[in-house]
Amino acid sequence: KAGNTKYISGKVAVDPDGNVVGEGDSEVQPEYIWSNIERVLKEAGSGLDKKLDFVFAVRTKSINGSWDVRKRMILGKDPLPCVTSISVSGLFRPDLLLEIDVVSVTSN
């Protein structure tokens with residue numbers, strides 16, 4: 001946290017025990033990540049409607065699943081948040097399909 005800006009970095013589909021959630025599934029992994037991001041933002045007094053997010057995709061097919069989940073969870077929010085997608089050759093674990101970073105500005 002810096003002032004009214006919250007930074008969430010390195011969100012991946014790994015549960016608290018270190019297990020990958022939805023291995024190889026380009027919709028289950030982003031669903032898990034976005035749900036966690038939504039919870040963290042809520043706890044910080046923010047929400048999915050006040051953020052800038054970066055999506056890092058390992059394979060092209062994982063981008064499509066990520067975008068589908070993002071649209072489902074965020075469309076209808078006003079204003080729509082910005083997004084930058086970057087295709088990468090891999091993440092720190094080969095079974096992870098994407099990583100999401102978020103910058104959120106809140107009133108507190």
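Structure summary
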{"read-out": "Order of exposure, largest accessible area first, which applies to Leu91, Leu98 with probe 1.4 Å", "value": "Leu91, Leu98"}
{"read-out": "Solvent accessible area, Å² - Arg93, 1.4 Å probe, full protein context", "value": "70"}
{"read-out": "Area of Asp25 that stays accessible when all protein chains are in place (1.4 Å probe, Å², to 10)", "value": "60"}
{"read-out": "C-alpha center-to-center spacing [the stretch 87-105, the stretch 21-46] in angstrom", "value": "12"}
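The values are calculated or read from the model by the stated rules, or taken from the named source; none is laboratory data. From a predicted model like this one, the values you see are computed outputs, not experimental measurements. When the accessible area is computed, the model is the full protein with side chains, heavy atoms only, and any ligands, DNA or RNA have been set aside. Shrake-Rupley method; radii C 1.70, N 1.55, O 1.52, S 1.80 Å.
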